[in-house]
Amino acid sequence: MIIAVPCILSTDLSVPALGFLVFVALSAGLARGFSGFGAALILVPLASSVMGPQIAVPLLLVVDGVMTLGMIPAAVRRADHRDVLTMAVGAIIGVPLGVHLLITLDPVIIREAIVVIVVVLLSLLISGWRYRDKPKAILTATVGLIAGVFSGVAQIGGPSVVAYWLGGAVPATIVRANIIVYFAISTVLNATAYF
């Protein structure tokens, strides 16, 4: 069985399209720099319109993975390992499902779904809604499953994880560490599934 792998080098990009991608990447980088996440919410839908989601999504995974490397050691020391691993269990199921959707669905359908998902997730974040109770294992794993699907198909798993963990009674330093460690695990899961 031969699998065709999309290659960014084979994408025919005009100078205006390349300029647009640079602008989008800078905007996404600024958003991530200010908030610690959110680059995917900007980069994936806009870059997908130029180069297709099958190239834009893995490209973001590589860039985001490299940018996060320096934060991982300190985060591992501070994170609530049980909570992170519980969420990762959900992602172990969700990521392959999301990658399967990315590979099998028509790129136009994926682009349209990404826009809808981004609007819904941004609305969730803007609304100020947060999960206020203590994290429960089944709910944590379910959020991991949902985030895994969203990450596998479009690298936009962040908002569901952030909305879930930010609202609880867990100290902010642990929440930040949990998010960093979870997304490091998610990056490995996604990279493995993409290969």
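The values are calculated or read from the model by the stated rules, or taken from the named source; none is laboratory data. Every value quoted in this text rests on a predicted model; they were computed, and no experiment measured them. Glycine also receives a Cβ, built like all others from the backbone with ideal geometry; neighbour counts cover every protein chain displayed. The protein model used for the area step is the full one, side chains on, heavy atoms only, and it has no ligands, DNA or RNA in it. Shrake-Rupley method; radii C 1.70, N 1.55, O 1.52, S 1.80 Å.
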remark   = For the range 83-100, in residue order, the Karplus 3J(HN,Hα) values (coefficients 6.51, -1.76, 1.60; θ = phi - 60°; whole Hz; Gly and Pro = x) are 4, 5, 5, 5, 5, 5, 4, x, 5, 4, 7, x, 4, x, 5, x, 5, 4
key: Percentage relative contact order, the range 31-117, counting C-alpha pairs under 8 Å, at least six apart   = 35 percent
Sulfur and carbon atoms: percent of accessible area, the chain [1.4 Å] = 74 percent
query = With labels modelled as points extended 7 Å from the Cα through the Cβ direction, what inter-label distance (nm, one decimal) is found for Val119 paired with Ala191?
reply = 3.5 nm
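Below 8 Å, C-alpha to C-alpha, sequence gap of six or more: please give me the relative contact order for the chain in percent.
Working: 270 pairs, mean separation 55.9, N = 195.
29 percent.
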Sorted peptide list for 78-87, 133-142, 40-49, criterion being average Cβ within 10 angstrom, highest first = 40-49, 78-87, 133-142
query = For the chain, what is the accessible area per residue in Å², given a 1.4 Å probe and the full set of protein chains?
reply = 54 Å²
Karplus-derived 3J(HN,Hα), 6.51/-1.76/1.60, for each residue of the range 189-195, Hz, glycine and proline x = 4, 5, 4, 4, 5, 5, 5
Highest average packing first - 93-100, 170-177, Cβ atoms within 10 Å = 93-100, 170-177
ask   = Per the helix-only calculation at 222 nm, which mean residue ellipticity applies to the chain, given -39500 (n - 2.57) for every DSSP H run of n ≥ 4 and division by its residues, nearest 500 deg cm²/dmol?
value = -26000 deg cm²/dmol
message = Going by average Cβ density within 10 Å per residue, which order do the peptides 16-25, 180-189 take, highest to lowest?
response = 180-189, 16-25
